[in-house]
Structure formats: structure tokens, C-alpha cells
1. Which residue, of A:S258, A:S347, A:S299, is in a helix (DSSP H, G or I), within 30 Å of A:D96 (Cβ to Cβ) and hydroxyl-bearing (S, T, Y)?
2. A:A315 is checked against (1) within 14 Å of chain B (Cβ to nearest Cβ); (2) under 22 Å from A:V332 (Cα atoms) and fails just one. What number does that condition carry?
3. Check every one of the helices (runs of 4 or more DSSP H) wholly within the range B:135-253 and list those with 1 or more residues that are in contact with a Gly (Cβ under 6 Å, 6 or more places away or on another chain) and open to solvent by less than 50 Å² (accessible area, probe 1.4 Å).
4. Here is a check on your reading of the model: is A:L44 open to solvent by less than 10 Å² (accessible area, probe 1.4 Å), touching a residue at least 60 places away in the same chain (Cβ under 8 Å) and within 14 Å of chain B (Cβ to nearest Cβ)?
5. Say whether the condition of being under 30 Å from A:T241 (Cβ atoms) and surrounded by 18 or more Cβ atoms within 10 Å (Cβ to Cβ) is met by at least one residue in the range A:192-201.
6. Which count do you get for residues in the range B:204-237 that are within 14 Å of chain A (Cβ to nearest Cβ) and of a type in the set (A, V, I, L, M, F, W, C)?
7. From the list A:L135, A:L168, pick out the single residue that is at pLDDT 90 or above and not polar (S, T, N, Q).
8. Conditions first: (1) in a strand (DSSP E or B); (2) within 9 Å of chain A (Cβ to nearest Cβ); (3) among the aliphatic types (A, V, I, L, M); (4) crowded, with 24+ Cβ neighbours inside 10 Å. B:V106 passes all but one, so which condition is the exception?
Amino acid sequence: MSRIKDLQKNLFGGTTSNARQFGMIFTLVAIVVLFQILTDGLTLRSDNLIALFQQNSYILILAIGMLMVIVAGHIDLSVGSVAAIAGILVAKSMADWSLPWPAAIVFGLVIGAVIGAWQGFWVAYVGVPAFIVTLAGMLLFRGGNQFIGNANTIPVPEGFRVIGSGFLPEVGPNTGYNNMTLLLGLAACAAVVWRELQSRRTRRQMDADAAPMWISILRLAVMIGVIVFASLRFASGRVGTSFPVSGIILVALVLAYSFYTRNTAGGRHIYAVGGNSRAAELSGVKLKRVNFFVMMNMSVLAALAGMIFVARSAASGPQDGNGWELDAIAAVFIGGAAVAGGIGTISGSIVGGLVMAVLNNGLQLMGVGTDRVQIIKGLVLLLAVAIDVYNKSQGRFSVIGSLTRPFRRDGSGPPTASPKVGGDAAPVKVAG
Amino acid sequence: MRNFLGKSVAIGAIAALALTACGSGRDEESGSSGGDAKGFAANSLIGVALPAKTSENWVLAGDLFSNGLKEAGFTSDVQYAGASTTVADQQAQITAMVTKGAKVIVIGATDAAQLSTQVAAAHQAGVKVIAYDRLITNSPDLDYYVAFDNFKVGQLQGQALLDGMKAKKPNGPYNIELFSGSPDDNNAGVFFNGAMDVLKPEIDKGNVVVGSKQVDVKQTAIQGWKAEGAQARMDQLLTSTYGSKELDGVLSPNDTLGRAIITSIKGANKPIPVVTGQDSEVESVKSIIAGEQYMTINKDTRTLVKQTITMVKSLQAGENPEVNDTKSYNNGSKVVETYLLPPVAVTKANAAEAYANDPKLAPLTK
């Protein structure tokens, strides 16, 4: 049942808890349009879109892990420090022990896993609150970074930089576009169509009312429109640039983790633990294992994010990772996650992260200084969550939520405490 | 019906976006450094990316750039990195400046080794990049570097140390101690080598004696330019070496360390020797006027900014900017064409003259 509901929702989603997520997609589109006008078309120019993805992929990767941590009812303050210590160790491993770069990436992920296991152990098996464990970790690993790096900046070799500043290669005939990016867009279109057909078939097989044909076609038209737009933009950057490698890593992670959190027992357990850990435990969810996993997973992703940043910066420096935890946490909450846990989606967090990213980028293009940018970002975070809290306390949905209500009409069952929220392909769609 | 409305709005928005996408393939021309002798429009955008506003010096530089570029007829975009996420901010700012179509970007790097990707992107977009004050390393795409001559700074410090000691005590041999800056700072070694360029011959002649025999840059370095580090090292030197011997001079690479050294010596109740410095910090200028610290170096931000703007103007006119050093500054990928400004040594004798144009320091010298 939930599968059908998900498919039904995959355009904008439709449950109550989804209202804010839809609102955020809407906000994202509005912000993009606003800055597109204010910056005379710079915002959606291909070089800017490419830069936007390159600059923010590491924060969005952190947001994936942070969403799972927050859904499980925890928080992780150490991600910036973990990213920094992984970055400096990886840079050192290549500079001092001349580790080849692919091995160095594996090494970095192992560091993340070890650190994650350490934090997961304290959270899950000793029962120290994650806030405290990761606050300690924040100090511990920041100190470790300074200790190991001696506050030096250590450059990394060319090959390694690909994961942070590389692009899809130029292959095939000269079409005026980057062919690989076009192929990627084509594959995405095909996947969307396939999914839609699949959903209609499933519904027919189950003798459910298939959505009216025009809805399907409309939905497909919108999604394909956005994908085509995005891939043309990314493919038409300056020769040598295209969809960034870090963006591909991000998309792959989003798809994989969305599937995991929505469609697998392990993923659903995280929501169960965050919603009501006692009830979850009594229903047979292995509480400790889930907590251990989310903390460990977060550190692995933090290490990956750290490496991508180092690769993009061409060097690991003593300031890496400062303040990243706050960006990631903000993205997750703007994207509709509940502070108490149990509610939130990967795609929502990515949209939340993109709202912040576009805001940041647009203001920078307008030449607004970082001081004012920070003020504006702070207000946006507060407002986004405040509007949601207010609407909930009034017992009604947001304006946008009521707009989308008709979408829910053939979703079966009342959309009450179900923490499940839909729309996993959203970040890719909206990126354009 | 509302269903239809909601969707129409969404589609409308997305269609609007899609429309703006149409019609363009990739722009093949994209400048790529072909514009050497062409110049650009006189009201073009000039980007200036500076580190976080942590020192007065950078705030002053930012104001001078804003006003100076405006006076010269350019449109300026002066940005500081944020206080907490400095490197990432600066990277994003430089990228935004390229997107906005800046013709020249002046960068005062927060971390000189973490900007090569952005400098490369700027170069490919045909933007000229000038490194201001700090040399951007490991980048083959950096066009120019403008800074004060740091080797000369060291030489001036070394010379002032000798002159100061001679003025106090006409005949040697003189006992001195050497300090140098943080080992992770490129400039620290340059200052030290400059000073040793002057001091080494005297040490070899026996005219000047390093009491502790610590003459290697590794032994003299103060990690992170930390005042407490210099104070601790001076304390140790005083106990180990100068129980009965007299200390005549201390080579200090900057004002902060110089004042820490003086504090240590005062604490041990010894007469203050000749102590050098650099940066013209307010406290040190006061100290010089009071007769404690012997000298400092004036590297006037005004002249540095003025020189940078002159370079931008030459680029605008399509000329090659004037440089005076084409061999000393290798950033790890190439030798960068550099304009070096001469620093000025300031002692009590010439302080009033040296700071005459400085609204903050001039009153102190009266």
C-alpha cells in the first residue's frame, strides 16, 4: 500500500508531514526565479549551476547522513571535525607515504568508519547522548587535525582532485554539448518514464484505480522538462566542464540512501526508533544496532565530504570543516525533518540544502557581504521552521499543504503518524 | 479544481525556467587568456576577495580598494570571507566573481594553498588574477603577485639591529639572539634569510656572537607567531645563557614577538637590548617612542593597494603591468611575475616622518 502511495506522491508528495517539503520545493523554485531576475540571468547560467553543485555537494552529502541521525532522534556536531581529520590524514597519506590516490580514498573511508564506530559505541552501547559524544568528538577530532597537520596546508595530487573538481570527460562527436552529461540526462528521463509505467501497471494488477492518464502525462512532462533543462544546462558549460564528478557522487548517494530509508526494513527501523524507541524495541527493532549504524554512517559520509572538499581545494588546510555541521543540520531542518526525530526525508534535506545554497550563491552574485548573508540565512532557517510549527499548533496545514490535498485523495488510509514521506527524485529534478 | 490550479502553478514556473534554458549551446569562445594585448572596458567589474575581517589591516585594505577602484572608474566587488568558514567562503566568492564577469580578480588569500581550482577556473574564463600580499601556491594560472619585499624586510631588520647596537656600544663583540616566525608561513623563512644575509658576515667575523649558538631557522622558529611562544623561549635563553653575560640585541621577525621578548627581558630585570620588529602595530609604535623596542617596519597598506590598482589599470589599457621581479617568486607551479614594494625601516628617529600620512599612527609620534 505504501509503495503505491509513494508512487502516487512522487511528483510533489502529499501527506500532512509532506506539506512543508512541498512548500520547500516551491520556495526553492521561487528563490531560483527571484535570483534569476535579480542577477540578470546569472543564477541559471551553466557555469554558475556547475559551480553551485561543486560548492555544495559536500554539504549535501553531509545532509544525507545528518537526516538519518536526526530521524533516529540524535544529532551529530562532529561532522566538520571528522571531515577535517579525514582530510588531513588522506592528504598526509599521499604526501608522506605516497599512497596512490584510489587507495587514499579507501583509507579515508576507513578512517571515517573507525571514528564512526567510536562515536556509535558511546551512543548506542554506553548510552551517552549523541549531543555530548559528538561535542566531545568535535573537540577531539579538530584537535587531532591540528596535531597531525601542525596547522599546515598539505597539497594533494592531481588524480585525487577529480572527486572534488573533476567533470565528466568529453567523448564522442562534437554536438556542442558535453555528450556524457546528455547521456546521463537521457538515462534519467528513461528511468522516470519506466517508473511511471511501472506504477501504472502495479496499480492495474492490484485492481486499484489508476491515476487519470492526464496526471501521469503531466507528471512525466514536468519531470522530463526539468531533467532536460538541467542536463542541457550542465552539458553546455565551457568546454572541459560539465556535470561535476562530486555531483554524480551526490546523486548516486541520494538515490541509494533514499531507496534504503524508504524501501528497506533497515531504513524503516531508523524511523521507528526516532518515532518511538520503546515501541520500536518492543516490536523487535534492534535499537542499539540502529543507533550504532546511523552514527557510524554519518562519520563515513563526513570523511567522504572532507575528502571532496580537500580535492576541490587542492589541499587540506587547518580550517577545513569549520561550521559544516551547522550547514548540514540547517539543511535537514529546513527540509522538513522534526527536531524530535521520526520525521524527515533525504530528498527534503537535499531541497533544504539547495535552498540555502541558492540563497548563498544568489546573494554572493549580487555582491552582498558574508556578514549580511549570514544574517539572512539565519532568518530563513528560523522562519522555515517557525511557519511549520505555527501551522501545526493551529491544527491546519500550510497554504501549500491545502493546495496539495487533492493529491492525496486516492492514497489509502489516513495520513496520520506515518513518518513516510515521498519524492525521492526531487533533488535532481529541482536542481535545474 | 484546486488540484488543477496547484499543478498549473508548478508547471508554469518550471516552463518559465525551461524557456530561459533554450537556445544556447556552449559558448566556445570563452576568452581563455587570449586577450593579452586587448584590455577591457573602463567600467568593468573588478573583484577583490579578502580574508575574514580579523585584522584592521584587511578592513583598511577593503575600504581602500572600494574607493580606489571607484575613483579609477571601475565597478568594484570587494568581499571578505566569513569568520568561521573562511576558505569555503572565499572559494565561492571567487567563483561568483568569475560568473559575474569580473575582468580582474585581486585575491588576498585566507589559505594560499587552497585556491588553485578557483584560480584555474578564472584563468579559463579569461580573468586575470593578482595575488595580493600572499602568494597563491601550486597554481600555474596565477598571473601576478604584488607584495612588499619580504627579503628586504629581513635585511632592514638585520641592518637596524647592527646599527642600534653600534649606537649603544661602539665596539663589539655583541651578544645577540635570533627569533623567526612560524615554520608554516612561507614568509617567515624569507624574513629570516634576509636578516641573516646581513648578520652572517658579522657573525663569521666574530663581531656578533649568538650566545645560545641557536642559528638554525628550525631552532629559532616560533610556532604560529604566538607571543607566548616567544616569551617562553626568551625566558629559557635568559636563564641558560645570560646569567652573567650581557644581551645586546634580539632579532625579532615582528612586533608581537618583539614585545613578548621585551616583556620577558623586563620580567628578568635585565636592561632592554636592541629589539627589532615589523608591521607598525600601535603598541609597538608607542614602545618605540617610549624607547623600548628599537625598530619596526612600515609596510603601508595604502601604497600596496595603490600599486595593485595601478596594475589593474594597466591590464584595462591592454598593457602588461609593470613588474620588478620575474625570478624570485616560484609558487610551486611557476615563477610568478611580481611587483615588490620597498618596506621602510622605522626607528624613533624617523617615526614622525614615516607615519605622517597615517591617521592612526601619526598622533602617536608627536
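1. Within the list A:S258, A:S347, A:S299, the selection yields A:S299.
2. (2)
3. On the way: elements: B:150-168, B:186-205, B:217-220, B:227-241.
So the answer is B:150-168, B:186-205, B:227-241.
4. Spelling it out, A:L44 is indeed open to solvent by less than 10 Å² (accessible area, probe 1.4 Å), touching a residue at least 60 places away in the same chain (Cβ under 8 Å) and within 14 Å of chain B (Cβ to nearest Cβ).
5. Yes, the range A:192-201 contains at least one residue that is under 30 Å from A:T241 (Cβ atoms) and surrounded by 18 or more Cβ atoms within 10 Å (Cβ to Cβ).
6. 3
7. Of the residues listed, the single one that is at pLDDT 90 or above and not polar (S, T, N, Q) is A:L135.
8. Looking at each condition in turn, B:V106 falls short on (2).
The values are calculated or read from the model by the stated rules, or taken from the named source; none is laboratory data. Keep in mind it's a predicted model, so treat the numbers as computed, not measured. Glycine also receives a Cβ, built like all others from the backbone with ideal geometry; neighbour counts cover every protein chain displayed. Calculation scope for accessible area: heavy atoms of the full protein, side chains included, ligands and nucleic acids excluded. Shrake-Rupley method; radii C 1.70, N 1.55, O 1.52, S 1.80 Å.
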